[in-house]
Amino acid sequence: MTRSLKKGPYVDAKLLKKISGQKPASAGVIKTWARRSQINPEMVGFTFGVHNGKDHLEVLVSEEMVGHRLGEFSPTRKFVRHGGKMQKELEQKKKEAEIAAAKTATAGAAPAGQASSPAGAAPATSKTK
């Protein structure tokens, strides 16, 4: 459910106090735990260190972020990946195939100063008796 228009957007008072009277270039990283605070136009250009439960992740506020919450840009969960042993083996085989393809592509190209000849063919020499 969205917030009532009568109340207006929620912006943490301490956060507004920290950015008031500062320029975005000279402010540095502003640490905050107020993930629920909405981003308003005065915050554009500032870099916030938004707490994700463990660390403060740096979030550079741009114009497209206005109206969103600070917490949306600081994920609290780390996605490792799906799969496991089988997935790891498939990825390894794919990587090896890419390396083999790259090697054959570079081996097939002749150096610039030499004429290309079939592999294993002896150079043409004239021997007369």
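No value in this document is a laboratory result; all are computed from the given coordinates. Just so it is clear, the model here is predicted, and its values are computed rather than measured. FYI the Cβ positions are ideal-geometry reconstructions off the backbone, even for glycines, and counts take in every protein chain you see.
General remarks:
- Altogether, the Stokes-Einstein calculation at 4 °C and 1.567 mPa s, with the Kirkwood radius of the range 13-73 over Cα pairs as Rh, returns a diffusion coefficient of 114 µm²/s.
- Table column - 3J(HN,Hα) (Hz), the range 2-17, Karplus curve with 6.51, -1.76, 1.60, x for Gly and Pro: 7, 6, 5, 5, 4, 6, x, x, 8, 10, 4, 5, 5, 5, 5, 5
- Sorting 86-98, 26-38 by their mean Cβ neighbour count within 10 Å, with the most densely packed peptide first, gives 26-38, 86-98.
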